[in-house]
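Notes follow the structure.
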Amino acid sequence: MSHENPFPTQKGTLFAEDIPFPELADRYGTPLYVYSRAALQTAWSRYAQAIAGRNALICYGVKANSNLAVLHEFQQLGAGFDIVSGGELERALAAGASADRIVFSGVGKQSWEIRAALTARIKCFNIESAAELDRLADIAHEMGLVAPISLRVNPDVDAHTHPYISTGLKENKFGVDIHRAPALYHQAQQHASLKIVGVDCHIGSQIIDLSPYLDALEKLLSLIGQLGADGIELEHLDLGGGLGIRYTDETPPDPADLLTPVFERLHAHGLDHLQVVLEPGRSLVGNAGILLTRVEYLKRTEVRNFAIVDAAMNDLMRPALYEAWHDVVPVEPRQGVPAETWDIVGPICESGDWLARGRTLPLEQGDLLAICSAGAYGFSMSSQYNTRPRAAEVLVDKQDSYLVRPRETPRDLFASERVPQRS
Ligand code: LLP
């Protein structure tokens, strides 16, 4: 396998590391999520290099791909985890995460989730509202524990990304208005069951331009200065996730492009002691995964050509939800078949069920297609709509492949359902 490319083409066939995709399709069936372990490691190493010798912690954003095998891989590499639910807490712990490297984000933490995270002794609760602060203080008090907290501030910067995944603007539901943050920190200080440890923000996802990060950082630095003047000292600064990946022709920044100026700014402010936390999801897994699908039918109409494949919007929701663009590559491109323009669509009964549109490809029935850059927010956002069993997931490591989640069966989908027994 080339180190550069985890999904190389050899003699006209697409491979996952050292395994040809047709072999994976034969062995595990389609639709199939295929992850490259080497790609996970390479993505991680970019962050690891960027923080080498620094006081920093990379907390993988579990929501991007929460398969235990992926979590375990990052745990082994030294990652912490950013979770947004009690379910993700259980997953992270099951994958071997140590709780003192887990941060808990999200606007709607329920009481049971707070209790579970307190019991586990996580590193930090990222608080998103005054109401949440009060609830956490009450529960920690009841349990006789002290909850470590950070306020997620909303720095009101535009991340220049899709509106659904932009989170740092005033009009978004996330975080606490940065101007209200000092008052809320003072409120937190009044609770013996809370310990202020940090500040955080997360301004959006698939960010290609660094300037919104640096704008947010400046605002956070001025907040930290103001808090310091009031005697509130922090231990860490969490800048969230959001670094973009290449889906088509984007040129996303490297983690070091973000982190180098961050460390410089902290140094300039005499804040070298602050631990820097990041919560990357997509940039660690996005290009480590492919959704493998097979063409079931070709259907030509007067206005459009449809390639109906066995994957659908329930397997990969991003095109339907965000009109996201994923590259589509034939696994064994046909010689002698003319290229035509195709919409790649799934079997689901919705016109929104498409994976790609207007792609010029030489296709025949039965062909395998790789839907690229599907490692992030692919399987983790998948559903069972139309009673479609969710896809299997496979992790490839050189010439070995591991089934890390078997394909569901239709029966799995309704096994826990009950018809009322009326007398
Ligand atoms: N931290 C917090 C608080 C977040 O809300 C998110 C993502 C992350 C970290 C990780 O962000 P990343 O590094 O992956 O950009 N489903 C959408 C993306 C939603 C992102 C939500 N929050 C998509 O498929 O594009």
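The values are calculated or read from the model by the stated rules, or taken from the named source; none is laboratory data. Computed from a predicted structure; not experimentally measured. Counting neighbours? That spans all protein chains shown, and the Cβs are built from the backbone with ideal geometry, glycine included. Calculation scope for accessible area: heavy atoms of the full protein, side chains included, ligands and nucleic acids excluded. Shrake-Rupley method; radii C 1.70, N 1.55, O 1.52, S 1.80 Å.
Which whole-angstrom value gives the distance between the alpha carbon centres of the range 122-143 and the range 360-423? Computed from Cα coordinates, the inter-centre distance equals 37 Å. When you filter the trypsin sites (Lys or Arg not before Pro) in the range 302-407 for DSSP loop state and at most 11 other Cβ atoms inside 10 Å of their Cβ, nothing is left. Between ASP257 and ALA183, the C-beta separation translates, for a Förster distance of 51 Å, into a calculated FRET efficiency of about 0.90. Here the 3J(HN,Hα) profile of the range 311-320, calculated from phi with Karplus coefficients 6.51, -1.76 and 1.60 at θ = phi - 60°, is 9, 8, 4, 6, 7, 9, 8, 4, x, 5 Hz, Gly and Pro shown as x. Checking the cross-link pairs LYS195/LYS219; LYS299/LYS398; LYS11/LYS398; LYS63/LYS170 against a 26 Å limit on the alpha carbon distance flags LYS299/LYS398 as lying beyond it.
Close amide-amide hydrogen proximity is noted between ASP238 and VAL199, ASP200, CYS201, VAL277, each under 5 Å apart and 5 or more residues distant or on a separate chain (H modeled in the peptide plane; Pro and chain starts excluded).
Both the radius of gyration and Dmax for the range 266-423 are 20.2, 76 Å, in that order, over alpha-carbon atoms.
Protein heavy-atom surface of the chain, 1.4 angstrom probe: 48% of the accessible area is carbon and sulfur, with nucleic acids and ligands not counted.
For the range 1-123, the relative contact order works out to 16 percent when only alpha carbon pairs closer than 8 Å and six or more residues apart are counted. When the Cα gyration tensor is reduced to axis lengths a ≥ b ≥ c, the ratio a/c is 1.5 or higher for the range 1-69, and with a/b not above b/c it is classed as oblate.
Using the 1.4 Å probe convention, the accessible area of the range 258-407 works out to 42 Å² per residue with neighbouring protein chains retained. If you average the alpha carbon positions of the range 15-53 and of the range 271-289, how far apart do those two centres end up, in angstrom? One Cα centre to the other: 19 Å.
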